[in-house]
Amino acid sequence: MSLLVVGTVAFDKISTPFGHSDKIVGGAATYIALAASQFTKKINLVSVIGDDFPKEFLQEMKNRSIDLQGLQIKEGEKSFFWEGKYHYDMNSRDTLDTQLNVLADFDPVLPESYVECDFLMLGNLAPSVQLSVLDQLGNRPKLVVLDTMKFWRDIAMEDLKKVIARVDVLTINDEEARQLSGEYSLVKGARKILEMGPKYLIIKKGENGALLMDRDNMFYAPAMPLEEVMDPTGAGDTFAGGFMGYLDNSRDISFENMKRAVIVGSALASYSVEKFGTERLLTLTEEEIDHRIQLFVDLVDFDILLVD
Ligand code: AMP
């Protein structure tokens, strides 16, 4: 199977109550592709960077079988830059700076070998770019997943609605789900969002886990309680990458299998937040992933007798 990943490949500057980073590599597509590469070896990436982006990092991605033919490199231009500061609870953050740079006039061109794809992950970036990628595909992928951010809702809501109408799964955090639906109740909100197009909705609740929903079913995955969280940046993207990579590898997009994929995504995200940026994802092993998945199973495993 093949997975096409669209999103930012970027520089981030992050500060949390427990430390701060200099300018480090980040970006939605970076986290998604690195996480997915744990499960699938056919990943094609569509994005844009400037000539300031470290070549060694591109090599790291290639070493993980991430194909970069669709990554445009703009000579003399700067890569996308985002700066954020986390609050004490680490679930909320302020964006201090967003510099679109190369993203401002990005016109994605899908290489011939990307046009047929089984799974499409539309990571965070301009909805017009996401639409353009959808339009260039030669087939309808088996599953299209979308992740987006308040930033794009604020400046490109009309395009974003068009994208939402064309995807199968929308991943969104709880605050964004409330804003998008205008409902405080996530259950009522989910119903409204599912009417906008997607068949499935994943509501991410940071350290309170994630909810997977369709019109008839609901599944809750906890987040792993961790002793230390250094940097939550990219947790949502890592979750999405693990979710997609697992589904792509298992070739099964039933609700039952999505439940497993949500646990796998949560396990990967729980590692990602242990260190700043992508550092932890770059050293992650299969044994560690298995170990953490088992901890998730144990975390919610209990015996109970019904009261009557
Ligand atoms: P997450 O913490 O999962 O929401 O993702 C954080 C990543 O998204 C960072 O690595 C940023 O580079 C990237 N990012 C931040 N703002 C935007 C934006 N407006 N569009 C696309 N990517 C962004």
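The values are calculated or read from the model by the stated rules, or taken from the named source; none is laboratory data. This structure is a prediction, so every number in the text was calculated from the model and none was measured. Cβ placement follows ideal geometry from the backbone for every residue including glycine, while neighbour counts extend to all protein chains displayed. Only protein heavy atoms, including side chains, enter the accessible area calculation; ligands, DNA and RNA are left aside. Shrake-Rupley method; radii C 1.70, N 1.55, O 1.52, S 1.80 Å.
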Task: Matching residues, segment 3-20, being open to solvent by less than 10 Å² (accessible area, probe 1.4 Å) and more than 8 Å from the ligand (Cβ to nearest atom) - done: L3, L4, V5, V6, V9, I14
Open item on the list: Return the residues of segment 180-220 that are among the polar types (S, T, N, Q) and more than 19 Å from the chain's Cα centre (by Cα); say none if nothing qualifies.
Closed with: S181, S185, N217
TODO: Scan segment 136-184 for residues that are more than 15 Å from the ligand (Cβ to nearest atom), buried (at least 18 other Cβ atoms within 10 Å of the Cβ) and in a helix (DSSP H, G or I) and jot them down.
DONE: I164, L180, S181
- [ ] Scan segment 45-68 for residues that are surrounded by fewer than 23 Cβ atoms within 10 Å (Cβ to Cβ), part of a strand (DSSP E or B) and of a type outside the set (G, A, S) and jot them down.
- [x] D67
Task: Criterion (over 21 Å from the mean Cα position of the chain (by Cα), open to solvent by 20 Å² or more (accessible area, probe 1.4 Å), modelled with pLDDT of 95 or more and within 14 Å of the ligand (Cβ to nearest atom)) met by exactly one of K78, K23, K74 - done: K78
Task: Residue under evaluation G84, criteria (1) of a type in the set (G, A, S); (2) more than 30 Å from P17 (Cβ to Cβ); (3) surrounded by 19 or more Cβ atoms within 10 Å (Cβ to Cβ), criterion not met - done: (2)
Open item on the list: Go through segment 9-41 and report how many residues are closer than 24 Å to F119 by Cβ and assigned to a loop (DSSP other than H, G, I, E, B).
Closed with: 7
Open item on the list: Looking only at segment 207-223, count every residue that is open to solvent by 40 Å² or more (accessible area, probe 1.4 Å) and out of contact with any strand residue (DSSP E or B) (no Cβ under 7 Å at 6 or more places or on another chain) and tell me the total.
Closed with: 5
Open item on the list: I'm trying to understand the selection: among the residues of segment 185-206, which are crowded, with 19+ Cβ neighbours inside 10 Å and either of a type in the set (S, T, N, Q) or in a loop (DSSP other than H, G, I, E, B) (or both)?
Closed with: P198
